[in-house]
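This report refers to the structure that appears directly beneath it.
Quick note: the coordinates plus some simple rules give every number you see, no bench work behind them. All values derive from a computational prediction rather than experimental measurement. Virtual Cβ from ideal backbone geometry, glycine too; neighbours counted across all protein chains shown.
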Amino acid sequence: MDLKLTGKVAVVTGGSQGIGKAIARALAGEGCAVAIIARHKETLDAAAGEIKAATGARISAVVADMTKTEQVNRAIEGIVAEFGRIDILVNNAGAAPGGVLETLSDEDWESGLQLKFLGYVRATRAVIPYMKKQKSGRVVNLIGNDGIKHSYWEIVPGAANAAGQNLTLSLAGQYGRFNISFVAVNPGPVRTERWDGLIKAMARDMKITTDQANARAAASIPLGRIAEVEEVADLVTYLASERAHYVNGTMIEVDGGQQKPLMDAMRDKA
Ligand SMILES: NC(=O)c1ccc[n+]([C@@H]2O[C@H](COP(=O)([O-])OP(=O)(O)OC[C@H]3O[C@@H](n4cnc5c(N)ncnc54)[C@H](OP(=O)(O)O)[C@@H]3O)[C@@H](O)[C@H]2O)c1
């Protein structure tokens with residue numbers, strides 16, 4: 001299937017590693033010019049070089065902190081100045097602390113919402129004027145299944161994700177008349193640097209070892225394993241394309257059918 005992505009301009013926040021890097025690589029492989037945004041220049045430049053070498057695509061590495069409105073606005077302005085337009089925004093830079101109610105501080109809650117939710121708000125707000133002018137645009141929000149499949153050991157990510165999912169569906173209602181469409185993608189566990197951190201927090205809060213926590217995560221997924229980054233990136237690439245433009249104001253899980261209550265049900269068996 002020709003995804004008709006050749007010549008499109010895509011922005012991937014958090015594109016220097018993990019899922020974001022795999023998405024940037026997949027979009028570049030389909031012929032997009034891609035701007036990747038992250039905070040650490042060295043990792044970002046290395047990712048840009050790697051993707052460029054693998055795909056031959058135009059890649060721009062843009063240093064910005066998605067928790068800072070001015071930096072986000074400047075990054076988006078710079079990308080438009082460089083590429084002339086933005087067809088696709090993939091909001092992906094996110095992290096929210098694991099932990100349980102009695103140990104999470106106000107700062108933990110605020111930091112989770114600050115990046116994982118407000119970071120998506122900031123980037124979307126910055127691209128919308130350009131997409132409105134173009135009368136076309138696609139926003140794919142990489143969120144997470146804990147916004148709809150709740151668990152007590154992921155309450156900050158769960159809250160931030162539920163907010164992002166609501167935002168996605170709400171904005172689809174507002175901007176469709178400008179031919180701008182929105183979709184959310186909800187992964188379950190995916191093998192990345194971030195997953196290693198999450199599983200450590202999960203093990204601590206469930207009072208089990210990290211091996212046991214990993215085993216519980218896999219056992220809660222009917223397919224018996226966590227996802228690889230490419231499995232998420234392939235779906236996002238299709239959704240970013242014109243072919244999927246009509247998939248609007250909705251969300252799609254890519255979590256192997258995970259049933260989170262099974263993780264807790266294994267409490268005595270781990
Ligand atoms: N991995 C999973 O199991 C999983 C499951 C469900 C949902 N998700 C979601 O998928 C997305 C990607 O997760 P991942 O596991 O690939 O994460 P990751 O490996 O930790 O990568 C995070 C990326 O975001 C960037 N980033 C972090 N803070 C930033 C900030 N303040 N401003 C700009 N960029 C920032 C990082 O680069 P710098 O540190 O250099 O800024 C990096 O490029 C996240 O939104 C996450 O919530 C992940």
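Values computed for the structure shown
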read-out	value
Relative pair counts by distance (%), Cα atoms of the stretch 122-178, 10 Å bins	22, 43, 24, 10, 1
Sequence-distant residues sharing a close amide H with Ser60 (under 5 Å, placed H)	Val34, Ala35, Ile36
Cα-based equivalent ellipsoid, the stretch 68-114: semi-axes from gyration tensor eigenvalues, Å	33, 11, 5
Placed amide H near Thr192: partners under 5 Å, 5+ positions off or other chain	none
Sorted largest first, extent of the stretch 159-212 alpha carbons per principal axis (Å)	51, 20, 12
Convex hull (Cα only) mean projected area of the stretch 48-87, reported in nm² to one decimal	3.3
Relative contact order of the chain, pairs being alpha-carbon contacts under 8 Å that are 6 or more residues apart, as %	19
Long-range HN-HN contacts of Val185 with modeled amide H, under 5 Å	Asn141, Leu142, Ile143, Ile252
Square roots of five times the Cα gyration tensor eigenvalues for the chain, Å	31, 19, 18
Most to least packed among 213-223, 92-102 [average Cβ atoms within 10 Å]	92-102, 213-223
Relative contact order %, the stretch 25-174, counting alpha carbon pairs below 8 Å whose residues are six or more apart	21
Computed [θ] at 222 nm, helices only, for the chain once each DSSP H run of length n ≥ 4 contributes -39500 (n - 2.57)	-15000 deg cm²/dmol
By average C-beta atoms within 10 angstrom, highest first, the peptides 44-50, 161-167	161-167, 44-50
Per-residue ³J(HN,Hα) for the stretch 225-242, Karplus 6.51 cos²θ - 1.76 cosθ + 1.60, θ = phi - 60°, Hz, x for Gly and Pro	7, 7, 7, 9, 4, 5, 5, 7, 4, 4, 5, 4, 5, 4, 5, 6, 7, 4
Lys, Arg +1 and Asp, Glu -1 on Cβ, resulting dipole of the chain about Cα centre, debye, nearest 20	740
Per-q log10 I(q)/I(0), the stretch 181-265, q = 0.18, 0.21 Å⁻¹ (Debye; single scatterer per alpha-carbon; no solvent)	-0.79, -0.96
P(r) histogram, all alpha-carbon pairs of the stretch 1-124 included - 5 Å bins from 0, percent	2, 12, 21, 22, 17, 11, 7, 4, 2, 1, 0
Stokes-Einstein D for the stretch 51-187, Kirkwood Rh over Cα pairs, 25 °C, 0.890 mPa s (µm²/s)	154
The chain: most fluctuating residue of Gln134, Gln258, Gln174 per GNM, C-alpha cutoff 10 Å	Gln174
Pairs beyond 18 Å (Cα-Cα), from Lys21/Lys52; Lys8/Lys52; Lys68/Lys135; Lys8/Lys41; Lys21/Lys149	Lys68/Lys135; Lys8/Lys41; Lys21/Lys149
FRET efficiency for Asp106 and Thr67, using Cβ-Cβ distance with R0 set to 25 Å, rounded to 0.05	0.95
Table column - 3J(HN,Hα) (Hz), the stretch 101-106, Karplus curve with 6.51, -1.76, 1.60, x for Gly and Pro	3, 7, 10, 7, 8, 4
Pairwise Cα inverse-distance average, inverted: Kirkwood Rh of the stretch 135-235 (Å)	15.0
Highest to lowest packing among 233-239, 30-36, scored as the average C-beta count within 10 Å	30-36, 233-239
